[in-house]
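The values are calculated or read from the model by the stated rules, or taken from the named source; none is laboratory data. Everything numeric here is computed off the predicted structure, so don't read it as measured data. Every residue, glycine as well, gets a Cβ built from its backbone with ideal geometry; the counts of neighbours run over all protein chains shown.
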Amino acid sequence: MLLFMADTLSPANKKKTEQIYERCGKKMFAAANRILNDKSLSEDALQNSFLSIVKYIDKINLNDEDGLEGYVIAIAKNEAYNILRAAKNDLDIDEVVAADPWQNAEEKVLLRDAYEKAVSVMREMDDKYRAPLYLYCVMGYTVTEIAKQLKRSEKTVNTQIFRGKKLLADKLREAGYGT
């Protein structure tokens, strides 16, 4: 992969990309593989990640260890989710013909409305709950990874995720979502 990009990058950016790969490549692959559970697809996610990273290589600071690692792992996870979505969208032609486009339309609208309300509630939360909840529920980080990134203890992060979920559930109930 890095060989392919060698002709398109300046020597300094090629070296920077190689350093990112050496420092974070295994962790990026592991993050993608946790999502995909397939070595070949995880390698594809890793390669796609580096194609994305190269676009912004000039803005990446190699001295910010935690920021760099969080950034590139988030990219790898997003690429893995993109691969999952693409696989999910590859439908059999018989399924497409048989599918009723209006089937479950009301349910989809209600789910979208609930999602938008949940996002709105999360935006209003205190950052001490919002950040760990977002990293855990949306980004898929482990409690250990979140604790390291936010420089908090794992026990604190667990408590904040639990309380954040409860706050979110209470607010959604108040707004008429759920029972």
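Overview of results
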read-out	value
Which listed residue, of Ala169, Ala131, Ala175, is small (Gly, Ala, Ser) and touching a residue at least 40 places away in the same chain (Cβ under 8 Å)	Ala175
Filtered residue count, the range 119-169, keeping only those that are over 23 Å from Ala31 (Cα atoms) and among the basic types (Lys, Arg)	5
Odd one out for Leu51 among (1) farther than 26 Å from Lys148 by Cα; (2) at pLDDT below 85; (3) of a type in the set (A, V, I, L, M); (4) in a helix (DSSP H, G or I)	(2)
Criterion violated by Ala31 - all others in (1) in contact with a Lys or Arg (Cβ under 6 Å, 6 or more places away or on another chain); (2) more than 28 Å from Tyr134 (Cβ to Cβ); (3) small (Gly, Ala, Ser) satisfied	(2)
Count of residues meeting criterion [among the hydrophobic types (A, V, I, L, M, F, W, C) and not in a helix (DSSP H, G or I)] in the range 59-90	2
The range 55-107 - residue that is modelled with pLDDT of 85 or more and polar (S, T, N, Q) and, of those, surrounded by the fewest Cβ atoms within 10 Å (Cβ to Cβ)	Asn63
